[in-house]
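Beneath this line is the structure, given in structure tokens, with notes to follow.
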Amino acid sequence: MRSPRRIRRTALAALSAGVLLAVAGCAEGGDRTAKGTTGTAEAKDVLLQPLASPGPGPFTASTARAPASPAPSATPDSAPPSATRTVHRVSGAAPGLYSGSRSVAACDVERQTRLLADDKDKGRAFAEASDIEAVQIPGYLKSLTPVVLSVDTQVTNHGYGGGSATAFQAVLQAGTAVLVDGRGMPRVRCACGNPLKPAGTADGKAAHRGERWPGYDPARVAAVDPGPRAATSLIIADTDDNTWIQRTVGDSGGRDRTPDDPPPFEPDAELLFPSPGRPTESAPPEPTPSDPSAPREPTDPGPGEPSDDSGDPPPGDPWEFEEGVPDVAPEPTQVFPAELDEPAAPDEEPMEAGLGDGFTG
């Protein structure tokens with residue numbers, strides 16, 4: 001039987017892709033919208049949006065059904081907030097990326113449809129930002145699934161003004177109600193009816209603007225990439241009893257059931273992000289010659305063994321927003337739940353495969 005430690009490592013390798021996007025945090029300021037091309041808005045300004053805040057330029061009134069007890073974003077007790085903004089790309093097929101209550105929809109899809117139908121100008125702008133025709137809005141919204149974000153998530157949001165949609169980068173607080181498509185992509189924010197697209201790539205320095213919430217850590221933000229294929233159901237966490245729910249895509253919870261083959265870890269397992277300051281396995285000490293005057297034999301470090309700096313302690317300086325030159329953003333990579341044959345890091349025990357695709361209908 002696999003140990004819980006090995007199961008967690010296997011799941012972690014499948015669900016997280018390490019540090020994929022890092023830029024220096026910058027000065028905090030008031031709310032403002034950063035203009036950009038629809039769907040690819042540059043991340044020069046990132047607006048922090050608490051779960052109940054409609055934000056600038058809402059398309060509609062809120063259609064979110066408020067959670068019974070919204071919880072702040074979770075961070076490890078031993079890990080202080082980081083001064084470096086880091087966005088971790090996560091597959092939309094990752095179990096536990098979304099959550100909800102069994103048989104309860106996080107959003108009122110029918111009301112959302114009526115609100116957009118009642119305002120033709122906003123309906124046209126919503127359709128344009130969503131890459132559909134205005135007459136397709138009812139069927140489009142019905143095809144989406146109401147869930148709740150389990151982690152703080154960066155998206156390309158859209159505010160309405162002057163008869164059109166304006167794209168801007170935003171981080172939505174964990175607990176925010178959204179509508180997602182069959183590949184796990186957030187498409188509508190229910191607190192304001194705004195259309196959503198994937199997070200844009202950072203270009204130059206970024207400024208965090210808006211209100212921080214308890215537990216917000218700029219190094220623990222997700223950006224969702226499409227799942228490997230369109231799914232018929234999503235595996236989400238039940239926030240009421242920490243169990244798994246299999247929710248049919250396009251359903252508001254009426255057909256929720258327990259998965260036949262649930263993920264091999266608990267819904268509240270800390271798996272979507274690498275843990276900062278994670279202690280590494282202690283290496284055995286080097287042998288010391290019995291005679292201090294005797295010359296030491298040269299040590300062969302081995303051919304090209306990669307180093308592992310994951311055991312370094314987190315920075316001790318307090319987190320501040322500062323203007324400055326950002327780090328260079330590395331090329332993003334993506335790890336999907338089905339890719340389980342990656343080699344283990346040198347200081348880790350061998351990982352075991354077996355997570356599988358959590359989105360089999």
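The values are calculated or read from the model by the stated rules, or taken from the named source; none is laboratory data. As the structure is a computational prediction, the values presented were derived from the model and not from experiment. In this analysis, Cβ positions are derived from the backbone assuming ideal geometry, glycine residues included, and neighbour counts consider all displayed protein chains. Heavy atoms of the whole protein, side chains included, go into the accessibility calculation; ligands, DNA and RNA do not. Shrake-Rupley method; radii C 1.70, N 1.55, O 1.52, S 1.80 Å.
Annotations for the structure displayed:
- Residues with amide H under 5 Å from that of VAL188, placed H, sequence gap 5 or more: LEU179, LEU196
- Tail beyond 21 Å, pair distance distribution of segment 124-253 (Cα, percent): 44 percent
- By definition, a body whose alpha carbon gyration tensor gives a ≥ b ≥ c is oblate when a/c is 1.5 or more and a/b is not larger than b/c, and segment 83-136 fits this oblate description.
- Computed with a 1.4 Å probe over protein heavy atoms only, the accessible area of VAL171 comes to about 0 Å².
- Accessible surface of LEU179 - all protein chains present, 1.4 Å probe, nearest 10 Å²: 0 Å²
- In this simple spin-label approximation, THR201 and GLU110 carry label points 7 Å from Cα along the Cα→Cβ vector, and these lie 4.4 nm apart.
- Carbon/sulfur fraction of accessible area - segment 154-211, other protein chains in place, 1.4 Å, %: 43 percent
- For the set SER233, SER143, solvent exposure ranked by accessible area (probe 1.4 Å, protein chains only) runs largest to smallest as SER143, SER233.
- Heavy-atom surface of segment 80-194, accessible at 1.4 Å and reported per residue (Å²): 31 Å²
- A straight chain from SER103 to GLU128 at 0.36 nm per residue would run longer than the Cα-Cα distance by 5.8 nm.
- Between ASP260 and THR84, residue separation times 0.36 nm minus the direct Cα-Cα distance comes to 59.3 nm.
- Per-residue SASA remark: TYR160, around 50 Å² accessible (1.4 Å probe; ligands, DNA and RNA not included).
- Length added when fully stretched, LYS142-ASP119, from 0.36 nm per residue minus Cα-Cα: 6.4 nm
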